[in-house]
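The values are calculated or read from the model by the stated rules, or taken from the named source; none is laboratory data. Small disclaimer: the values here were computed from a predicted structure and weren't measured. As a convention, Cβ positions derive from the backbone with ideal geometry for all residues, glycine included, and neighbour counts pool all protein chains shown.
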């Protein structure tokens, strides 16, 4: 049973997305209904650092910028077009990821008169090492 008041049942993206030892990120594709740009920035920092986002290196703005720069060409996120949450305080790091977000707006269903939602929640990650690429699929139950 999930106990939201304790940290023992929580798993953050930082620990899930860390590349396996001896590998680095080649490509990451994510799909979600709602997209929180602050959370996306944290995910990209995890992928860029290759370690958990609780690391001391996060104290360095230059280190954070470098981590985002390293993964910015390797990440692509698809989300429901009208469900993007902007940061409460604008961040240069979030702005760097703007081109990595693909809003999906499905067409109105004429017969029923409603708009369907784009609602998958999955990560497809490809890591590479000296012997070639390997892929890992991580389904998630919460938006980014």
Say we look at region 111-144 and pick out the residues that are within 29 Å of residue 86 (Cβ to Cβ) and out of contact with any strand residue (DSSP E or B) (no Cβ under 9 Å at 6 or more places or on another chain); which of these is modelled with the highest pLDDT?
114
Search result, residues across region 96-117 that are under 30 Å from residue 64 (Cβ atoms) and in a loop (DSSP other than H, G, I, E, B):
97
Checklist (1) modelled with pLDDT under 80; (2) assigned to a loop (DSSP other than H, G, I, E, B) applied to residue 82, failing item
(1)
Give the number of residues within region 85-103 that are in contact with a strand residue (DSSP E or B) (Cβ under 6 Å, 6 or more places away or on another chain) and buried (at least 16 other Cβ atoms within 10 Å of the Cβ).
2
Note on residue 130: of the conditions (1) closer than 16 Å to residue 48 by Cα; (2) exposed (fewer than 10 other Cβ atoms within 10 Å of the Cβ), unmet is (1)
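If you check residue 62 against the conditions, is it at pLDDT 80 or above and in contact with a strand residue (DSSP E or B) (Cβ under 7 Å, 6 or more places away or on another chain)? Steps first, answer last, please.
Numbers: at pLDDT 80 or above: yes; in contact with a strand residue (DSSP E or B) (Cβ under 7 Å, 6 or more places away or on another chain): no.
No; evaluated as a whole, the condition is false for this residue.
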Where a residue in region 66-77 is on the phi < 0 side of the Ramachandran plot and buried (at least 18 other Cβ atoms within 10 Å of the Cβ) and its partner, wherever it lies, is assigned to a strand (DSSP E or B) and at pLDDT below 85, with Cβ under 8 Å and at least six apart:
none
Name the pairs: first residue in region 97-120 and farther than 26 Å from residue 27 by Cα, second residue at pLDDT 80 or above and surrounded by 10 or more Cβ atoms within 10 Å (Cβ to Cβ), Cβ to Cβ under 7 Å, at least 6 apart or on different chains?
109/116; 115/106; 116/106
Members of region 13-45 that are surrounded by 15 or more Cβ atoms within 10 Å (Cβ to Cβ) and at pLDDT below 80
13, 14, 16, 17, 18, 19
